[in-house]
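Undergrad: This structure is in structure tokens; I'll ask about it shortly.
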Amino acid sequence: IEKIRTGTEEGRVVFSFEFFPPKTEDGVDNLFERMDRMVAHNPAFCDITWGAGGSTADLTLEIANKMQNMVCVETMMHLTCTNMPVEKINHALDTIKANGIQNVLALRGDPPHGQSRFIQIEGGFACAFDLVNHIRENYGNYFGITVAGYPEGHPDVISENGTVGLEAYLNELAYLKSKVDAGADLIITQLFYDTDIFLKFVSDCRQTGITCPIVPGIMPINNYKGFLRMTGFCKTKIPSEITAALEPIKDNDEAVRSYGVHLGTEMCKKIIANGINTLHLYTLNMEKSALAILRNLGLIDDNRISRSLPWRRPTNIYRI
Ligand code: FAD
């Protein structure tokens with residue numbers, strides 16, 4: 001949060017990259033090579049996801065440690081409550097604390113595979129609010145805590161026809177404020193493709209009394225099927241002009257990627273023009289589209305990479 005605050009106070013736009021744990025050892029090696037190249041562009045931080053249902057717990061912990069201490073980038077680890085009794089939560093938090101990681105994205109998580117509703121396990125937590133409280137009560141101010149926000153509403157409250165009732169929307173905002181009041185420093189949003197919905201969400205959050213930074217989660221469209229899968233899963237609204245632009249090129253991966261870069265650039269331009277100086281890129285472990293968007297925005301310059309490879313700098317502990 002300090003890095004984001006300092007950056008925005010200085011009038012800079014700061015950006016961050018999200019990665020997920022790859023399935024194979026080769027994939028992990030490739031990821032670190034890619035991360036090295038991407039980190040050379042000076043993101044405020046990078047984060048690593050916690051596999052659905054805790055499926056990647058050990059790998060996520062290992063990758064987070066390497067990110068912080070070998071890639072030497074300010075690291076945030078995601079942590080969910082799914083299938084996690086408090087002992088396991090504490091183990092994860094103690095491990096990253098011992099490794100010098102100071103940033104956690106505290107999440108409830110989705111229901112385990114095969115269950116439609118999230119059910120609190122015995123000795124575990126019911127929601128992200130509980131996890132934020134737990135972290136603050138047991139770890140004081142050591143961790144910078146981020147929580148998730150949903151500009152279009154969480155999928156649980158989106159109806160079959162894709163709408164969210166006013167009461168449910170206001171409940172979501174009130175609940176989000178309670179996560180912040182419990183100790184969260186930062187909100188990162190779910191992906192969206194309608195920038196106006198994000199801007200309205202920020203304004204509604206401000207009216208609700210949420211004052212912390214709200215960072216837009218931007219997912220560049222890399223391929224058509226993946227885009228449909230993610231937006232279907234998250235029940236994301238797709239503006240008609242995006243559907244119209246993708247329809248004729250959907251079988252041409254290169255054209256889809258190039259449109260994704262164009263769209264991501266235009267979305268970010270509008271977000272920045274509205275006074276929001278932070279961008280979070282869901283990279284899906286791919287570097288080209290995320291970097292192309294930042295390049296188009298003038299936020300990175302390949303001729304001025306801050307550290308030539310291979311580089312290593314001493315761990316520099318800040319809170320995001
Ligand atoms: P919560 O904040 O607990 O909220 C879940 C829903 O319940 C919301 O609709 C909320 O309004 C409602 N709710 C809960 N408690 C209350 C209450 N007391 N009163 C009113 N409403 C309540 N999943 C993973 O498995 N691994 C990841 O690494 C991961 N990373 C993510 C990163 C981001 C930025 C985002 C946006 C999502 C991520 N997810 C991840 C998905 C996330 O786990 C799911 O969306 C999950 O269903 C909800 O988690 P949450 O922390 O938002 O839940």
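Undergrad: Being at pLDDT 95 or above, within 16 Å of the ligand (Cβ to nearest atom) and farther than 28 Å from residue 125 by Cβ narrows it down to one of 61, 31, 93, so name that one.
TA: 31
Undergrad: Could you check the range 25-61 and list, in sequence order, the residues that are within 21 Å of residue 144 (Cβ to Cβ) and either free of Cβ contacts under 8 Å to residues at least 24 places away in the same chain or touching a Pro at 6+ places or on another chain (Cβ under 6 Å) (or both)?
TA: 60
Undergrad: Could you go through the range 206-219 and let me know if any residue there is within 16 Å of the chain's Cα centre (by Cα), more than 10 Å from the ligand (Cβ to nearest atom) and over 28 Å from residue 101 (Cβ atoms).
TA: no
Undergrad: If you go through the range 35-48 one residue at a time, do you hit one that is farther than 27 Å from residue 302 by Cα, open to solvent by less than 20 Å² (accessible area, probe 1.4 Å) and modelled with pLDDT of 95 or more?
TA: no
Undergrad: Right, next: At negative phi, surrounded by 16 or more Cβ atoms within 10 Å (Cβ to Cβ) and in a helix (DSSP H, G or I): which single residue out of 299, 263, 281 fits that description?
TA: Exactly one of 299, 263, 281 is at negative phi, surrounded by 16 or more Cβ atoms within 10 Å (Cβ to Cβ) and in a helix (DSSP H, G or I), namely 263.
Undergrad: Can you tell me which of 192, 233, 227 is at pLDDT 95 or above and in a helix (DSSP H, G or I)?
TA: Criteria check complete, one pass: 227.
Undergrad: Tally up the residues in the range 201-229 that are among the hydrophobic types (A, V, I, L, M, F, W, C) and open to solvent by 60 Å² or more (accessible area, probe 1.4 Å), please.
TA: 1
Undergrad: Something else: Just one of (1) more than 12 Å from the ligand (Cβ to nearest atom); (2) open to solvent by 30 Å² or more (accessible area, probe 1.4 Å) trips up residue 198, so point out which.
TA: Condition (2) is where residue 198 drops out.
Undergrad: Turning to a different aspect of this structure: From the set of residues in the range 1-24 that are outside any loop (DSSP other than H, G, I, E, B) and modelled with pLDDT of 95 or more, which is farthest from the ligand (Cβ to nearest atom)?
TA: Result: 14.
Undergrad: Then there is this: Does the range 244-260 hold any residues that are open to solvent by 10 Å² or more (accessible area, probe 1.4 Å) and either under 20 Å from the mean Cα position of the chain (by Cα) or touching a residue at least 60 places away in the same chain (Cβ under 8 Å) (or both), and which are they?
TA: none
Undergrad: What strands (runs of 3 or more DSSP E), lying completely within the range 60-156, carry at least 1 residues that are open to solvent by 30 Å² or more (accessible area, probe 1.4 Å)?
TA: 103-107
Undergrad: What is the number of the single condition among (1) free of Cβ contacts under 8 Å to residues at least 24 places away in the same chain; (2) part of a loop (DSSP other than H, G, I, E, B); (3) within 13 Å of the ligand (Cβ to nearest atom) that residue 171 does not meet?
TA: With (1) free of Cβ contacts under 8 Å to residues at least 24 places away in the same chain; (2) part of a loop (DSSP other than H, G, I, E, B); (3) within 13 Å of the ligand (Cβ to nearest atom) applied to residue 171, the lone miss is (2).
The values are calculated or read from the model by the stated rules, or taken from the named source; none is laboratory data. These numbers were taken from a predicted model, which means no experiment stands behind them. For neighbour counting, all protein chains shown are included, and Cβ atoms are generated from backbone atoms with ideal geometry for every residue, glycine included. These accessible areas exclude ligands, DNA and RNA; they are computed on the full protein's heavy atoms, side chains included. Shrake-Rupley method; radii C 1.70, N 1.55, O 1.52, S 1.80 Å.
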